[in-house]
Amino acid sequence: MALLRPSSRTRRRGADGDRIWTWLMLPGTLWMTGFLIASLALVAVLAVGTTDDLGNPRFGFDLSGVRALADPAYTEVLARSLGYALLTCAICLLIAYPVAYTIALHGGRYKHALIAAIVVPFFANYLVRMYGWSVVLSDDGPVLRALRAVGLADANTKILNTGVGVVAGLVYGFVVFMIIPLYAALERLDVSLIEAGRDLYGGPVRTFFFVTLPATRQGAAAGLVLVFLPSMGDFVSAQLMGGPDQIMIGNLIQDKFFQGQNWPLGSALTMLLMLVLLVGMLGYLRRTRKDEAEARR
């Protein structure tokens, strides 16, 4: 048994290697943390500031911007943004799971090429992709033409300037963030567990819900967070594929900073958005710690 134990020299080398990587990560971590804290502090200070007659921000103490968050118009936009983001997460999960499952377990030697075929198009600029998607979903675009050809839509059916168009844009923009973590979780999955599940539960559907889904829920949770965070603050999709009744909180923030010249209210909306995202992130971290604790038992 003594032969199987790592020597003190080996343990020392491992500790030295970990220490080196810690020091290498330190500059970038401090850089990112410093800018994050500084920017949040500046936004928080501006949220209780004022503006002059020309709309320029001035430091001070005025809670009118914070009180304005209780306005029903703003709470409605926040609720709409939250609904769009949650719906986007659900649709992305439904789309990504079959794709990731098929590639990870049935892709064979082509799995890496298939993942590359999915990921590489998303290297293109996000704004360019959204413009292209708006053309595809336009009144004369291929999607509505195909739906009209099979009788599922008429001349009055529209996708753009509706909530459907906004959610479709969000799904298209962020579905890859759901596919990648699900693919990673499914690729690590021991296939023998699925075979044993089929013998135990007797069907692919029951095996999926009782074996595959619980074994890959961490990947699904990571994908939900990666989709929810950018979807909640997105403004491009609502601007290009929505109308006045589909604006999201990101559009409000953009308007208050660049057109309305109301930086205190824009900062207060930003802090509100950050609070919602923080709640989602803390929920994910709590779920992850709970799963890790259960795995150690």
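The values are calculated or read from the model by the stated rules, or taken from the named source; none is laboratory data. All of these numbers come straight from a predicted model, not from anything done at the bench. With ideal geometry, Cβ positions are generated from the backbone for all residues, glycine too; neighbour counts draw on all protein chains shown. Side chains included, ligands, DNA and RNA excluded: accessible areas come from the protein's heavy atoms. Shrake-Rupley method; radii C 1.70, N 1.55, O 1.52, S 1.80 Å.
Things to note:
- Counted as membrane-span-like here are DSSP H helices of the chain whose alpha-carbon atoms extend 20 Å or more along the helix's own axis and whose Kyte-Doolittle mean is -0.5 or above; these are 8-47, 72-106, 217-233, 263-296.
- Using Cβ point charges alone (K and R +1, D and E -1), the dipole size of the chain about the Cα centre works out to roughly 1520 debye.
- Taking the average, over residues, of other Cβ atoms within 10 Å as the packing measure, peptides 66-76, 80-90 rank 80-90, 66-76 from highest down.
- Kirkwood-type radius of the chain, with distances r between different C-alpha atoms, in Å: 22.9
- Leu30/Leu278 FRET efficiency (R0 25 Å; Cβ-Cβ; nearest 0.05): 0.75
- Solvent exposure of the chain amounts to 61 Å² per residue of accessible area, where only protein heavy atoms count and the probe is 1.4 Å.
- Surface share of carbon and sulfur [accessible, 1.4 angstrom probe, percent] for the chain: 67
- Positive-end residue of Val143, Leu182, Val120, charge dipole of region 112-203 with Cβ unit charges: Val143
- Förster radius 51 Å - calculated FRET efficiency between Ala116 and Asp53 (Cβ-Cβ, nearest 0.05): 0.40
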